[in-house]
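Before any comments, here is the structure.
The values are calculated or read from the model by the stated rules, or taken from the named source; none is laboratory data. The shown structure was predicted, so the numbers you read here are calculated from the model rather than taken from an experiment. Don't worry about glycine lacking a Cβ; one is built from the backbone with ideal geometry, like all the others, and counts go over all protein chains shown. Surface accessibility is based on the protein's heavy atoms, side chains included, excluding ligands, DNA and RNA. Shrake-Rupley method; radii C 1.70, N 1.55, O 1.52, S 1.80 Å.
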Amino acid sequence: PSTGTLRLDTLGSNFDTVLAAYTGTNAGALVAKAQNDDGQSDYTSEVLMPVKAGVTYRWAVSGYGGDTGAVSLNWNLQTVQCSISNTNPFNDVPNSAWYRNAVLWLVQRGITSGTGPGRYSPNSAVTRGQMAVFLWNTAGQPAAIYGHGFSDVPSGSYANNAVAWLVEQGITSGTGPDRYSPNSPVTRGQMATFLWRMIGGVYAGADHGFYDVYPDDYYDRAVAWLVREGITSGTSQWEFSPNQRVSRAQMAVFLNKRACG
């Protein structure tokens, strides 16, 4: 009934569940939108995904390894207002900028308040710490049950809770043993992977068409999913530029398109 973020889980089921979400009416040609095997605390499942008003979604619950039992489904829809109702608080975001509405939408959603008084810093690169907070805020700041275990993200860090949630959800495993590298810039390939893993790493079912993204690249399927969802069309007709850094302006547009289309 509404555009927003849907959380669906099988908590309370008495077996090891696998949960998936689809669109489409033909069982032989459904489009996978999200999937999950294990949720936060046990062997039940949870998906957290953007949904659009007027779209019919279909849900499938199965058992891991053929396991069976009684299913319990729980859902919560957090509606999202896509129209902009707030004024521009940033001196460095011109009202004519291509990213202006996306940035104001982030502020409206409480996903960011900028980098300082009157500043959003649209041309600055997004760091891995900032990316974690962007995604965590997009998801509604869910509490993580366990810590992340990274020595370079101390408990007092602004990104601590966000990184813990990302690790718990399998969205990231860090950059190496005991390290998350919160101050390193995020590349377009990494950005694609972060967003793709938020919905369970579903198979896009189509090629992306970029000659600079190869089948054995870790972000290949993530990029195909981004293209299918209309979140990006690349930096040119045939290029995705996976090693290019993501700016804060670009990240605002990616998140806005993910939620609102």
- Task: Once you have the Kirkwood Rh of segment 106-234 from its Cα pairs, apply Stokes-Einstein at 25 °C and 0.890 mPa s and quote D in µm²/s.
- Result: 157
- Item | Rounded to 10°, Cα long-axis angle of helix 188-198 versus longest principal axis of the chain | 40
- Calculate what fraction, in whole %, of the accessible area of segment 133-192 sits on carbon and sulfur atoms when a 1.4 Å probe is rolled over the protein chains. 50
- Note on the structure: In whole angstrom, largest first, the equivalent ellipsoid semi-axes that the Cα gyration tensor gives for the chain are 29, 22, 20
- Query: With the dipole of segment 1-148 worked out from charges on the C-beta (+1 for Lys and Arg, -1 for Asp and Glu) around the Cα centre, which of N91, A21, T44 lies farthest toward the positive end?
  - Reply: N91
- Equivalent ellipsoid dimensions for segment 12-78 as semi-axes, Å, which come from the Cα gyration tensor, largest first: 22, 15, 10
- Query: Taking a probe of 1.4 angstrom, what is the accessible area of V61 in Å², to the nearest 10?
  - Reply: 50
- Between Y120, Y214, Y22, find the one with the highest GNM mean-square fluctuation for the chain; connect C-alpha pairs within less than 10 Å. Y214
- Note on the structure: Checking I84, I171, I231 against a Gaussian network model of the chain (alpha-carbon springs below 10 Å), the top fluctuating residue turns out to be I84
- Message: Which residue fluctuates most in the GNM of the chain (Cα springs below 10 Å): T112, T187, T68?
- Response: T68
- Query: In debye, nearest 20: dipole of the chain around its Cα centre with unit charges on the Cβ of K, R (+) and D, E (-)?
  - Reply: 1000
- In square angstrom, what is the accessible area per residue of segment 208-261 with a 1.4 angstrom probe? 47
- Residue-normalised 222 nm signal for the chain, counting each DSSP H run of n ≥ 4 as -39,500 (n - 2.57), nearest 500 deg cm²/dmol, is -7000 deg cm²/dmol
- Message: Just to verify a number: what accessible area does D178 come out at with the full protein assembly present, 1.4 Å probe, Å² rounded to tens?
- Response: 80
- Per the Debye formula with a single identical scatterer at each Cα and no solvent contribution, what log10 I(q)/I(0) holds for segment 13-139 at q = 0.11, 0.16, 0.17 Å⁻¹? -0.58, -0.92, -0.97
- Task: Using the 2.2 N^0.38 Å rule of thumb for compact globular proteins, work out how segment 100-153 stacks up: its C-alpha Rg over that value, please.
- Result: 1.29
- Heavy-atom accessible area per residue - segment 52-165, 1.4 Å, Å²: 53
